[in-house]
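Just below is one structure, and these are the notes that go with it.
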Amino acid sequence: MVDKNKMKAKNFMVFFLAIASVLLIASSVSAAELSTIDSVKIDGIEAYENTTANHNPAITAGDKVVVEVLFTATQNTSDVVVEATLEGTKDSIDAETSSFTVEDGSVYKKVLVLNVPYELEDEVSKNLDLEVEIRSGGLEDSEEYTLRVQRPTYDATFMSISSSKNVEAGNIYPVEIVLKNTGYNDLDDMYVTASISGLDVERTFYLGDIVALEECNEDCDLEDTLRGTIHLEIPFDATSGEYTLEVKGKNNDLDVSDSKKIVVNNDLPKQVVVTQSEKSVSVGQEATYELTVANPTNSLKVYRVVTETSKDVSASVDSSVISIPAGTTKKVTVTAEPDTEGEFSLKVGILSGDGVVETKNLILKAENKSTDGSIVALAIALAVIFVVLLVVLIVLLGKRPKKQSEDFGESYY
């Protein structure tokens, strides 16, 4: 009984091995029946199987590479696909062609583009496996190749840009950056510039040298990552809204940049206030406007006051240059005189340095009141005449002769 069981087990093992051998042979035949890979080129450099590191095509991390596959079909087959895969330790990047039809004995070339993954954290270069596969249904043919991936010659990455999301107008805005050398070589004399587009705010500072890898012990001050803080001054007149904060790193070998969105809030009052912006006068008379200029900053400010008018209006200011202490205000008087009738626009600009703080538009209406003046003069003349006539009448009445009384004596008849 035991011998029969042993015989059955032995027969089962023989049967299993036979089936496995048949499947292996069928798989090999099938693969051979589909195609033969003649060559694989990486950016024009031919790759070989089982080569040493000195003969591997070199590629750069982060770049795009062109994989050119040349193969010969060994049978007539439809729905053929060529696929290339870069096997990284973290990610696998692949690309494949659309399906096509091949004929036995014909030679085909297919081109694929792959993005080389960046996985070089603690080394400047390493080997990366490339698998090329040609398949159709259950048939397939594949080969593996070794590539040498290395860091870009000069490269850097902003690991972080640390700053608050919101900032108030007139405040100092600190921006902390962390820049890492991700290239093959050291980066000498790196400068970092932070700017806010739309606000004309920009500042540059010197960051220093960044080595390619952290190669030192605890007593060494060389690092492949440096950090620094730059302070931006947000203008007091900045308009509330969303802006782009851009940070750039630069030296003689590379330029690198990154950006983030920030929000500027401005709850400050207007710096220039006009008591009355519209005046009406007669031609030849002066109109006076009063402006109040505020200095909301923390330091003394000097402003220039300029006017712009048409040729029919002359204007002047009592103080073309004013100095205002921090947190105080000062009044400016603008005088305008029209030469003709009409409505005129008068612009008053408040300047600080080379920038315009604020511009105010004043309206001047000029009327010709000569007709009204004649009427007034005529009325005055008539009044004078009336007074004169009244005086004459009074005088004449005063000189009127007195009526004599009759004397009646006694009469005797």
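The values are calculated or read from the model by the stated rules, or taken from the named source; none is laboratory data. Note that this is a predicted model, so its numbers are computed, not measured. Reconstructed Cβ throughout: ideal geometry from the backbone, glycine too, with neighbour counts over all protein chains shown.
General remarks:
- Residue within the stretch 361-371 that is surrounded by 10 or more Cβ atoms within 10 Å (Cβ to Cβ), of a type in the set (Val, Ile, Thr), modelled with pLDDT of 90 or more and in the same structural domain as Leu291 (by TED's automatic domain parsing) present: yes
- Restricting the stretch 69-121 to residues that are hydroxyl-bearing (Ser, Thr, Tyr) and in a strand (DSSP E or B), the residue that is nearest to Ile42 (Cα to Cα): Thr85
- No other residue among Ser259, Ser280 is more than 23 Å from Ser160 (Cα to Cα) and of a type in the set (Ser, Thr, Tyr) apart from Ser280.
- Remark: pairs (first residue in the stretch 196-211, over 21 Å from Leu226 (Cα atoms); second residue surrounded by 14 or more Cβ atoms within 10 Å (Cβ to Cβ); Cβ separation under 6 Å; 6+ apart in sequence or on different chains) = Ile196/Tyr243; Ile196/Leu245; Gly198/Tyr243; Leu199/Ala238; Val201/Leu232.
- The stretch 326-343, residues that are surrounded by fewer than 19 Cβ atoms within 10 Å (Cβ to Cβ) and of a type in the set (A, V, I, L, M, F, W, C): Ala326
- Taken over the stretch 296-315, the criterion of being of a type in the set (Gly, Ala, Ser) and surrounded by 13 or more Cβ atoms within 10 Å (Cβ to Cβ) is satisfied by Ser310, Ser314, Ala315.
- Screening the stretch 282-295 for residues that are within 44 Å of the chain's Cα centre (by Cα) and crowded, with 18+ Cβ neighbours inside 10 Å and picking the one that is farthest from Phe236 (Cα to Cα) gives Tyr289.
- Residue pairs meeting the criteria (Cβ under 7 Å; at least 6 apart or on separate chains; first under 26 Å from Ala61 (Cα atoms), in the stretch 95-124; second part of a loop (DSSP other than H, G, I, E, B) and hydroxyl-bearing (Ser, Thr, Tyr)): Lys110/Thr97; Leu112/Thr97; Glu119/Thr89; Val124/Tyr184
- Comparison of Leu226, Leu213, Leu222 shows that the only residue that is over 30 Å from Ala326 (Cβ atoms), modelled with pLDDT under 95, not in a loop (DSSP other than H, G, I, E, B) and not small (Gly, Ala, Ser) is Leu226.
- Scope the stretch 161-194; condition assigned to a strand (DSSP E or B), of a type in the set (Gly, Ala, Ser) and surrounded by fewer than 21 Cβ atoms within 10 Å (Cβ to Cβ); matching residues: Ser162
- Within the stretch 264-295, being part of a strand (DSSP E or B), of a type in the set (Gly, Ala, Ser) and touching a residue at least 60 places away in the same chain (Cβ under 8 Å) holds for Ser280, Ser282, Ala287.
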